[in-house]
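Everything below concerns the one structure shown next.
The values are calculated or read from the model by the stated rules, or taken from the named source; none is laboratory data. This one's a predicted model, so the numbers in the text were calculated from it and none came from an experiment. All Cβ positions, glycine included, derive from the backbone under ideal geometry; neighbour counts span all protein chains shown. The protein model used for the area step is the full one, side chains on, heavy atoms only, and it has no ligands, DNA or RNA in it. Shrake-Rupley method; radii C 1.70, N 1.55, O 1.52, S 1.80 Å.
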Amino acid sequence: MPLAYRRVLGGGTERDEQRFLDGIAQRLGGETTAIPIGRARAGIYLLAKHAVRGQRRRVLMSPFTIPDIVTMVVLAGAEPVFYDFEPSSTACGLDSLQSLIDERTACVLITHYHVNEPRLTRIAEICCKHGAYLFDDCAISFGGSIDGRPIGTLTDASVFSLSSFKLLNYFWGGLLTTRDAEIARAMAKTVEAWPRLAARDYSAPALACMRYDLASSPPLFDALVFPLIRRAVRRSPAAKGLEHIRIETDELNRTLTSRPSLAAFAEWTPKLACIDNWVAQRLGVAQIYRRRLGHRMVSAEAPEAVIVGSCFTNFPVIVPRERCGDIARAMMLAGYDVGRSLYPNVHRHPKFTSVDGQSSNIDSMTNSTIYLPTHFRVPDNYAEAI
């Protein structure tokens, strides 16, 4: 959603921070402790570090993510292990998970994607049986729910991203939530000692966000940016996937051990009242796609009770692997802005190929998927035409 760039230069008060925490309590319940952090990925680091104890050092996680999330686990002193998905799905593969979890497992980190994890209760039972924590990465799932219960309250602890391009956003930011008193005390004790990010710390992400915002503004995007993209596609034999192979973080730098600026709270707080409407808008676009392409949607097997509580940051569709690039290219040449990949399979990243685990179904999905847009500038007639 749009950002008020003036707030990167200052503004915000401690009252804005308290109003934000009050708003989160209203959404997630007063028994949920919410701890704002300067950057969301630091929440993964904190939870992995907390979970590591004795011989329990393994973090079972999805490799369908950005490489820096895996790096956070490594920096926490833990050992990442990759579980696979169910076929043509972003749901955790239960057979894969059960083959990997053992007495060395510190925690399982589940990620919610366009559709929330549909078998969270069963995964929690498996974790409990093996004495492992269950955490969830909710980076793109703020405002989601499962069976009417809000995401952020269903596991031992959760991490949300509140940075640029998320539904609730500022240039950087995150939120750690938990109903576990021990985890809450440990996280709060650590984070309260961290300094706040200063205005200068936001300069790089702010400039990047402003460039994207300008490029995607309707007049410029329609008249210049998308024609240039189509020209590049026309010169290429196939549309390529988006490969996030760059490692942004290889150490625990100062921006990671930080709290948000007060300006961030001034930006987030007014937007809290809009979240439900924004999620409903995305779900409405997704329902248009589902009427024609529901049988080809990634995670089509998810129960309706899970689907209606999902955030649908995008709408991924499975197509024949050998035709995926050609189909994406044809759609873009026809004037439709579609994508090839949300994340890579980081199990194929040179830094992580030696990581234990499984990811063959994720490989297949990432090479057979086209992503349709659901953002607020997608009108119903555009979605119908796609």
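Couple of notes before you dig in:
- Test: residue in the stretch 100-110 that is in contact (Cβ under 8 Å) with a residue 60 or more places away in the chain and over 18 Å from LEU154 (Cα atoms): yes
- A count restricted to the stretch 287-336 and to residues that are at pLDDT 95 or above, surrounded by 15 or more Cβ atoms within 10 Å (Cβ to Cβ) and basic (Lys, Arg) stands at 2.
- Lone unmet requirement of (1) touching a helix residue (DSSP H, G or I) at 6+ places or on another chain (Cβ under 7 Å); (2) on the phi > 0 side of the Ramachandran plot for GLY148: (1)
- Selection count where residues are within 15 Å of PRO316 (Cα to Cα) and either under 17 Å from the mean Cα position of the chain (by Cα) or without any contact (Cβ under 8 Å) to a residue 40 or more places away in the chain (or both), scope the stretch 366-386: 6
- Only one of the listed residues (PHE165, PHE142) is among the aromatic types (Phe, Trp, Tyr) and either modelled with pLDDT of 95 or more or open to solvent by less than 20 Å² (accessible area, probe 1.4 Å) (or both). That residue is PHE142.
- Scanning the stretch 71-89 for residues that are open to solvent by 10 Å² or more (accessible area, probe 1.4 Å), out of contact with any Gly (no Cβ under 6 Å at 6 or more places or on another chain), part of a loop (DSSP other than H, G, I, E, B) and touching a residue at least 40 places away in the same chain (Cβ under 8 Å) gives PRO87, SER88.
- Test: residue in the stretch 327-347 that is in a helix (DSSP H, G or I) and within 30 Å of LEU75 (Cα to Cα): yes
- As for the stretch 109-127, it holds no residue that is on the phi > 0 side of the Ramachandran plot and in a loop (DSSP other than H, G, I, E, B).
- Counting only helices (runs of 4 or more DSSP H) that sit completely within the stretch 138-250, those holding 1 or more residues that are under 30 Å from ILE123 (Cβ atoms), among the acidic types (Asp, Glu) and more than 19 Å from the chain's Cα centre (by Cα) correspond to 181-191.
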